[in-house]
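Scroll down for the structure; my scribbles are underneath it.
The values are calculated or read from the model by the stated rules, or taken from the named source; none is laboratory data. All of these numbers come straight from a predicted model, not from anything done at the bench. We place every Cβ from the backbone using ideal geometry, glycine too, and count neighbours over all the protein chains shown.
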Amino acid sequence: MIYGYTRPLYNDENCENQLTQLQNCEEIFQELHGSPKKREELERMLMGLQKGDIIVVERMFAIADTTRHLMELLKLCEKDGVTIQFIKEGLHSKGTISLELSEIVEHLLGFQSDIVKQSTILGLAHAKEQGKSIGRPKKSDENIKKAISMYHSGNYTLLEIKNETGISKSTLYRYLESVEEI
């Protein structure tokens, strides 16, 4: 059997790109979430595998969340006589692969980059759900007005303005530019 596996990813939330790549699969297991926890469809697929089966995924990160998780899956599949094909990387887990070290590192860097992007997006979404503000905190309007007033008076140096208001030179100039544009 040829199985496909998908899950929502940071750049493919509805799995459309992945499903397009997996059209030749006989059965596709699709997670409803992109979280690394409670991957029920992955578990269900792994439990039903038999020797000679093939798992096809769009890329390494679609099936594994960490390099350790990827290694565990590769060992499990090797023990069970199952092959995993990674379409984007052009790799499969069975047989000998001839790659230069730079190619191997490139694939690992792409995998690690996907891990960081996915966890960042999930973390931001979780923080928003909890009502937390995201991004750098805004400076108070009073401090900004005071800094602009001090700057326009011409009686203060930038260091004195910063010490008095806590507004940095770059922040002050950014606000001055926005005031001039209005």
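If you check L32, L74, L22 for being within 25 Å of the chain's Cα centre (by Cα) and surrounded by 19 or more Cβ atoms within 10 Å (Cβ to Cβ), only one passes: L22. Of all residues assigned to segment 77-85, none qualifies as being in the same structural domain as C15 (by TED's automatic domain parsing), closer than 24 Å to V116 by Cβ, buried (at least 19 other Cβ atoms within 10 Å of the Cβ) and out of contact with any strand residue (DSSP E or B) (no Cβ under 6 Å at 6 or more places or on another chain).
Can you list the helices (runs of 4 or more DSSP H) lying wholly within segment 78-182 that have 2 or more residues being modelled with pLDDT under 90 and aromatic (F, W, Y)?
Numbers: elements: 101-129, 141-153, 158-165, 169-181.
Result: 169-181.
Please verify whether L158 is hydrophobic (A, V, I, L, M, F, W, C), surrounded by 11 or more Cβ atoms within 10 Å (Cβ to Cβ) and under 22 Å from C15 (Cα atoms), treating the condition exactly as stated. Steps first, answer last, please.
On the way: hydrophobic (A, V, I, L, M, F, W, C): yes; surrounded by 11 or more Cβ atoms within 10 Å (Cβ to Cβ): yes; under 22 Å from C15 (Cα atoms): no.
When the stated conditions are applied, L158 does not pass them.
Among the residues of segment 107-147, those that are surrounded by 12 or more Cβ atoms within 10 Å (Cβ to Cβ) and charged (D, E, K, R) comprise D114, K117, K139, K145, K146.
Can you tell which of I121, I87, I115 is closer than 22 Å to G52 by Cβ and under 21 Å from the mean Cα position of the chain (by Cα)? Before the answer, list the steps.
Working: I121 fails: closer than 22 Å to G52 by Cβ; I115 fails: closer than 22 Å to G52 by Cβ.
None of the others qualify; the one that does is I87.
Take V82 and tell me if it is under 24 Å from the mean Cα position of the chain (by Cα) and under 18 Å from E26 (Cβ atoms). Answer is no for this residue.
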